[in-house]
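Chemist: Just dropping this structure here.
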Amino acid sequence: MEQTNHDILLEVKDLRTYFHMPDGVTIKAVDGVNFTLKKGRVLGIIGESGSGKSVTSRAIMQIVDRPGKIETGEIYFKGENLLDKSEKEMASLRGSQISLIFQDPNTSFNPYMTIGDQLRQAYRVHRRSAGKEECEEAVRDALKLVGISNWEEVCKCYPCQYSAGFRQRIFIAMAMIFKPDLLIADEPTTSLGITIQAEIIQALSDIKDQVGNSVIIITHDFGVVAQFADDIFVMYAGRCVEYSPKRDLLVAPRHPYTVGLLRSVPLLEVRKTRRLKSIPGFPPDMAHPPEGCPFAVRCEWAQEKCFREQPELVQISEDRLVACHYPLMDYETAQDTRLD
């Protein structure tokens, strides 16, 4: 089955990735995820730790670690289902057409190799017959793409000679050495200071503008997606609870979990409420998920039905999806009546 919409680069359908533990317990890390990513767009996937964000990205790349396993689903990239491809075929796509940036730049490099050698090695994975001149040109272009002009000096150094933020910038260059159509950034700013975070996001934005690729940015920080994303995909307990264009979601969130996330971001909420409010409780234990809506025990709007039935992801407008029995229709009223 091939997609007919040429504007869509990636389409994920009913993706389920489970971890079958040795003690017989099954953890449903990703449990029926659906989303689409159009060419040239940025999708922000946001949620708390353990919501299934990173597992979703690894499933797309087909690098889910054992005992994890992709149970069911379809992942269409350029109209072809990645789950039908062999490991050899996927290896040819990783790095050349789909690249993944990991959150910790400290573990992304070999400390015994110079930066230049590692970039050249990354290039020769897909261009084994490339000569020295071709490799140098590719390395130079990749480093300049992320704003590193003194590329010759950088290539002679080792990763430990630079800060975590600069190493992350270099790793982004490595991921973009083939200018892939899809770049997945998994928490790329988590271990960095606020100023460096802003620089990394700006670097990703500049790359998108220059190359015109699509980006999935995974984060727990609404400030990051508010700055960079076009569309926002909110995950909770392995499922999508809200999917919307950025502006619509930030102005009028429909799911109570999204409201809770927004309330905890000072830059987005302080002008309205002058107070912050955390989400009570903790995410559910995915080894023993609750009956009904997994967010019900933490939701201040929950009703009896929420504890009995799990809501389906339904379309509430042309480009908005929500998984809630009672989606909020008036965010301003919710703020006024629930923050006392």
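Chemist: (1) surrounded by 15 or more Cβ atoms within 10 Å (Cβ to Cβ); (2) at positive phi; (3) not aliphatic (A, V, I, L, M): which one isn't true of THR17, the others all being true?
Modeler: Checking THR17 against (1) surrounded by 15 or more Cβ atoms within 10 Å (Cβ to Cβ); (2) at positive phi; (3) not aliphatic (A, V, I, L, M), the one that fails is (2).
Chemist: Could you grab me the full set of residues in the range 167-193 that are among the aliphatic types (A, V, I, L, M) and within 16 Å of the chain's Cα centre (by Cα)?
Modeler: ILE172, ALA175, LEU182, LEU183, ILE184, ALA185
Chemist: Give me the pairs: first residue in the range 84-112 and in contact (Cβ under 8 Å) with a residue 40 or more places away in the chain and closer than 24 Å to LYS156 by Cβ, second residue among the polar types (S, T, N, Q) and exposed (fewer than 14 other Cβ atoms within 10 Å of the Cβ), beta-carbon distance under 6 Å, and six or more apart or on different chains, which are they?
Modeler: Pairs that qualify, where the first residue is in contact (Cβ under 8 Å) with a residue 40 or more places away in the chain and closer than 24 Å to LYS156 by Cβ and the partner is among the polar types (S, T, N, Q) and exposed (fewer than 14 other Cβ atoms within 10 Å of the Cβ): there are none.
The rows are residues; the columns are (1) at pLDDT 90 or above; (2) touching a helix residue (DSSP H, G or I) at 6+ places or on another chain (Cβ under 9 Å).
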{"residue": "GLN168", "(1), (2)": "yes, yes"}
{"residue": "PHE171", "(1), (2)": "yes, yes"}
{"residue": "MET174", "(1), (2)": "yes, yes"}
{"residue": "PHE178", "(1), (2)": "yes, yes"}
{"residue": "LEU182", "(1), (2)": "yes, yes"}
{"residue": "PRO188", "(1), (2)": "no, yes"}
{"residue": "SER191", "(1), (2)": "no, yes"}
{"residue": "ILE194", "(1), (2)": "no, no"}
{"residue": "GLN210", "(1), (2)": "yes, yes"}
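Chemist: What pairs come out if I take residues in the range 293-319 that are in contact (Cβ under 8 Å) with a residue 60 or more places away in the chain and pair them with residues that are part of a loop (DSSP other than H, G, I, E, B) and not polar (S, T, N, Q) whose C-beta lies under 6 Å away, six or more apart or interchain?
Modeler: Here the result reads LEU313/ALA323, each pair linking the range 293-319 to a residue that is part of a loop (DSSP other than H, G, I, E, B) and not polar (S, T, N, Q).
Chemist: As an exercise: evaluate THR107 against (1) buried (at least 19 other Cβ atoms within 10 Å of the Cβ); (2) over 28 Å from GLU242 (Cα atoms); (3) not small (Gly, Ala, Ser) and give the number of the one condition it does not meet.
Modeler: It is condition (1) that THR107 fails.
Chemist: For GLY50, only one of the following conditions fails: (1) closer than 21 Å to GLN315 by Cβ; (2) out of contact with any Lys or Arg (no Cβ under 9 Å at 6 or more places or on another chain). What is its number?
Modeler: In the conditions (1) closer than 21 Å to GLN315 by Cβ; (2) out of contact with any Lys or Arg (no Cβ under 9 Å at 6 or more places or on another chain), GLY50 misses (1) alone.
Chemist: Name the one entry in ALA91, ALA130, ALA142 that is farther than 28 Å from ILE8 by Cβ and of a type in the set (A, V, I, L, M).
Modeler: The conditions single out ALA130.
Chemist: Residues of the range 176-196 being over 25 Å from LEU93 (Cα atoms), part of a loop (DSSP other than H, G, I, E, B) and among the hydrophobic types (A, V, I, L, M, F, W, C), which ones?
Modeler: LEU192
Chemist: Let me ask something else about it. Just to be sure I understand, how many residues within the range 90-130 are closer than 18 Å to ILE217 by Cα, of a type outside the set (Ser, Thr, Tyr) and part of a loop (DSSP other than H, G, I, E, B)?
Modeler: Residues meeting the conditions: 5.
Chemist: On to the next question. Condition first: modelled with pLDDT under 90, assigned to a loop (DSSP other than H, G, I, E, B) and touching a strand residue (DSSP E or B) at 6+ places or on another chain (Cβ under 8 Å). Can you find one or more residues in the range 287-298 that meet it?
Modeler: Scanning the range 287-298 turns up at least one residue that is modelled with pLDDT under 90, assigned to a loop (DSSP other than H, G, I, E, B) and touching a strand residue (DSSP E or B) at 6+ places or on another chain (Cβ under 8 Å).
Chemist: Regarding the range 110-117, can at least one residue be identified that is assigned by TED's automatic domain parsing to the domain that holds GLU136, more than 30 Å from CYS160 (Cβ to Cβ) and among the small types (Gly, Ala, Ser)?
Modeler: The answer is no, given that none of the residues of the range 110-117 is assigned by TED's automatic domain parsing to the domain that holds GLU136, more than 30 Å from CYS160 (Cβ to Cβ) and among the small types (Gly, Ala, Ser).
Chemist: Restricting to the range 189-236, name every residue that is in contact with a Phe, Trp or Tyr (Cβ under 7 Å, 6 or more places away or on another chain), closer than 26 Å to ARG16 by Cβ and hydrophobic (A, V, I, L, M, F, W, C).
Modeler: Passing the criteria: ILE217, PHE233, VAL234.
Chemist: Which of the residues spanning the range 120-165 are closer than 21 Å to LEU204 by Cβ and small (Gly, Ala, Ser)?
Modeler: Answer for the range 120-165, where residues must be closer than 21 Å to LEU204 by Cβ and small (Gly, Ala, Ser): ALA122, ALA138, ALA142, GLY147, SER149, SER163, ALA164, GLY165.
Chemist: Now for a separate question. Any residue in the range 29-42 that is over 22 Å from HIS6 (Cα atoms) sitting within a Cβ distance under 7 Å of a residue that is surrounded by fewer than 22 Cβ atoms within 10 Å (Cβ to Cβ) and among the hydrophobic types (A, V, I, L, M, F, W, C)? List the pairs, counting only those 6 or more apart or interchain.
Modeler: Pairs that qualify, where the first residue is over 22 Å from HIS6 (Cα atoms) and the partner is surrounded by fewer than 22 Cβ atoms within 10 Å (Cβ to Cβ) and among the hydrophobic types (A, V, I, L, M, F, W, C), are ALA29/PHE19; ALA29/MET286.
The values are calculated or read from the model by the stated rules, or taken from the named source; none is laboratory data. Keep in mind the model is a prediction, meaning the values are calculated, not measured. For neighbour counting, all protein chains shown are included, and Cβ atoms are generated from backbone atoms with ideal geometry for every residue, glycine included.
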